[in-house]
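First up is the structure itself, then whatever we jot down about it.
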């Protein structure tokens, strides 16, 4: 783990050297050292929330580097127990709500009273909870590949990826650059256990979301059932949907220009 953190710090240091508008730092919140990144100088502040096991750079590098830095100030983080926000160990007990409260505290500590949220996958669930519970702070919400409950179909899809040994070499190696194998397997086992034993996560929160909301999903997402698109749209009053034909779970990393253009248009209109 020590070696993995050193490697990631060297990578982040290289990014910092390349751009004077890139800031990576650590802040103490409730006794936990939270790693966050800040990119851009624009008036529109956006929080980027990574998915399971994710970090700011691993999940959102294409957005941190690709979104307009003159129009946006982008704040992303490594959630508690992930990436460079270790220690402590990841606590999976009610972690979506804990992450939501922690990220809201981070934005407050950084001096941002008003901001929008772009959340992907697990970060998308966290984003739904933040928007519902901090309506005076969240101006717009982009929920990408997110769900408010776990259906039987979701659990069937997730069971196919529950064994790390069945992952592609590329997927596994990306995370092994962040975690040692023992840590990765422990974290993955923890998150799979939560997913497979969860049903309702934040359904009641959806009706409390009042900000303009964009729901994004790929029609070939192999991890989140397509039923969630219509469900989210029906429960979030001021919402619209964009479906990517042939898009998979991580479409924001494959269709970068199109995804970023949609995000910018929605946040700026």
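Below are the figures for this structure:
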item	result
Helices (runs of 4 or more DSSP H) completely within region 159-240 that count 1 or more residues being touching a strand residue (DSSP E or B) at 6+ places or on another chain (Cβ under 9 Å)	227-235
Matching residues, region 212-231, being within 22 Å of residue 191 (Cα to Cα) and buried (at least 18 other Cβ atoms within 10 Å of the Cβ)	217, 221, 223, 224, 225, 228
Residue satisfying all of: in region 202-211; surrounded by 20 or more Cβ atoms within 10 Å (Cβ to Cβ) and farther than 12 Å from residue 134 by Cα; farthest from the chain's Cα centre (by Cα) among these	206
Unmet requirement for residue 82, which otherwise passes all of (1) out of contact with any strand residue (DSSP E or B) (no Cβ under 7 Å at 6 or more places or on another chain); (2) more than 27 Å from residue 218 (Cβ to Cβ)	(2)
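This table checks each residue for (1) at pLDDT 95 or above; (2) farther than 15 Å from residue 64 by Cα; (3) surrounded by 19 or more Cβ atoms within 10 Å (Cβ to Cβ).
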| residue | (1), (2), (3) |
| --- | --- |
| 233 | yes, yes, no |
| 236 | yes, yes, yes |
| 239 | yes, yes, no |
| 249 | yes, yes, yes |
| 252 | yes, no, yes |
| 256 | yes, no, no |
| 260 | yes, no, no |
| 266 | yes, yes, yes |
| 269 | no, yes, no |
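The values are calculated or read from the model by the stated rules, or taken from the named source; none is laboratory data. Note that the coordinates shown come from a computational prediction; the quantities given were computed from them, not determined experimentally. Note: ideal-geometry Cβ built from the backbone for every residue, glycine included; neighbour counts use all protein chains shown.
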